[in-house]
1. Where nothing but the Cβ of Lys and Arg (+1) and of Asp and Glu (-1) is charged, how large is the charge dipole of chain B around its Cα centre, in debye to the nearest 20?
2. Considering only C-alpha atoms, what is the centroid distance from region B:31-53 to region B:103-158, in Å?
3. Please arrange A:62, A:28 by how many other C-beta atoms lie within 10 Å of their C-beta, fewest to most.
4. What is the dipole size for the protein assembly as shown, taken about its Cα centre, with +1 at each Lys and Arg Cβ and -1 at each Asp and Glu Cβ, in debye to the nearest 20?
5. In whole angstrom, and with the biggest value first, how far do the Cα coordinates of region B:2-221 range along each principal axis?
6. Counting other beta carbons within 10 Å of each Cβ, put A:52, A:42 in order, fewest first.
7. Between residue B:130 and residue B:191, 0.36 nm times their residue separation minus their Cα-Cα distance comes to what?
8. I want to verify a result. In a Gaussian network model of chain A, Cα cutoff 10 Å, which of these has the top mean-square fluctuation: A:81, A:32, A:130?
Amino acid sequence: MSHLTRRLFGLAVLVALAVTAVLALWVSPADAQQDDAVRLLYLHVPTAWIAYLAFFVTAIASILWLVPRTRRAEWDLLAGASAEVGVIFTGLTLVLGALWGRPVWGVWWEWDARLTTTAILFFLYLGYLALRRTGATADERGKRCAIAALIAFVDVPIVHFSVTWWQTLHQTGTVFNPEMDAEIHGSMAFTLVFSVAAFTLLYAYLVRLRLRVAELEEGLEDRALELAIAERVRTEQVVPV
Amino acid sequence: MTFLREVALVAGKDLRIERRSRVAMQQILPFGAIVVVMFAFALDADRTTLPIAAPGLFWAAVLLAALLAIGRSFSVEEVNGARDGLRLTGLDGGSLFVGKAAAIAVELFVLEIVLGVAVVVLYDVTVRGLLALVCAALAATVGLAATGTVYGVLATGSRARDTLIPLLVLPAVTPVMLGGTQAFAEALDGSMSEAWQWVQLLVAFAVLAVAAGTVAFAPLLEEG
């Protein structure tokens with residue numbers, strides 16, 4: 001991706017987010033029961049969607065890295081970049097959920113299945129990111145992280161299942177619910193769909209940017225190694241034999 | 001048969017180290033016990049609260065002590081090139097995994113018996129549904145040991161291993177904490193069918209953790 005297309009992409013994301021803000025704050029109506037608090041929906045749902053999407057991408061990239069036929073260093077970098085964005089959006093989801101819960105439920109936090117699973121998800125992938133930062137060769141790190149990502153990905157449904165059993169109190173899913181029309185209407189539904197799309201663009205942009213940084217970091221390491229070798233060769237030549 | 005022999009060999013090695021070094025007996029076990037005492041301080045040694053909270057406090061204490069046992073199981077592999085030695089034995093990755101997990105499980109089960117007695121005595125708990133309690137503890141221990149072994153090997157070789165293991169293991173074993181606590185609470189409450197449902201969840205988690213570990217362990221042990 002050239003410098004110009006990257007700039008244009010970033011600009012498109014900015015515009016999409018600005019339109020989302022206008023739609024969410026002015027165009028869509030306030031809710032009959034929740035009043036203006038309902039507008040948090042247009043942030044909370046997209047951030048949660050991005051969080052899940054990001055971890056899904058991490059899992060897929062990890063599988064692609066693990067399969068010898070498709071193994072490329074980029075898959076490892078993509079897994080890491082996506083997980084970083086995912087952790088940020090999981091954190092945002094939790095904070096936004098708490099801010100929304102306070103006026104609507106009367107409490108900041110509720111120990112229901114979805115909230116609890118999301119909190120555990122946050123910690124699982126924080127651990128994954130910590131694991132990524134431990135010093136090892138690129139191959140060793142790639143292997144460990146890919147396996148850790150897959151274990152985390154398999155663990156999440158089990159965690160969710162056990163927490164659901166433990167307690168459940170949340171309203172049912174809206175966006176991907178076939179009975180969507182019964183629960184959410186017109187400009188609200190449009191705003192929600194638009195904001196999910198805008199945030200998905202933002203996700204793609206952030207991951208692309210993070211990947212670029214990772215590539216530059218790797219390039220820097222190679223460059224430093226080259227310089228060190230050149231330096232060594234130069235000094236050895238100076239020393240009289 | 002060879003698989004079981006190999007497992008016994010690896011587990012025997014780890015348990016022999018623990019018997020001779022006495023770290024598990026003299027450090028990890030007392031640590032678990034002091035956590036049980038600290039919980040009583042936290043809840044103001046309330047005679048009504050403690051028995052109700054006992055199942056959760058018990059499992060929290062076990063989990064904390066388990067973190068030490070997991071860290072220990074992998075720190076012994078890092079001195080004297082033991083990790084290379086282990087690799088050179090030619091043992092199958094799966095049996096290495098099950099062996100190491102089994103040793104941790106045995107240690108944890110002993111710990112659970114001691115802490116269980118401590119909880120009954122100190123928190124004034126009336127024991128009911130002993131069979132369900134034992135089955136829940138066994139299944140939870142296997143799940144915990146298997147998950148811990150996978151994350152233990154993932155974190156080996158890193159300078160931050162001791163701090164990394166708790167962060168990796170605790171969120172992953174949420175089902176053990178929840179399932180163990182609920183199974184114990186229901187069994188002590190006399191609701192046996194609910195208790196057995198939680199035991200089933202614990203067994204499912206244990207089976208998955210052992211399966212995942214057996215698959216993942218061999219590639220993780222190889223030098224990248």
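A short reminder: the numbers here are calculations on the coordinates, not readings from a lab. Computed from a predicted structure; not experimentally measured. Here the Cβ positions follow ideal geometry from the backbone for every residue, glycine too, while neighbour counts run over all protein chains shown.
1. 520
2. A separation of 18 Å, based on Cα centres.
3. Arranged by neighbour count, lowest to highest, A:62, A:28 become A:28, A:62.
4. For this selection, approximately 1020 debye.
5. That gives 55, 33, 27 Å along the principal axes, largest extent first.
6. A:52, A:42
7. Working it through step by step, the gained length comes to 20.7 nm.
8. Highest fluctuation of the listed residues: A:32.
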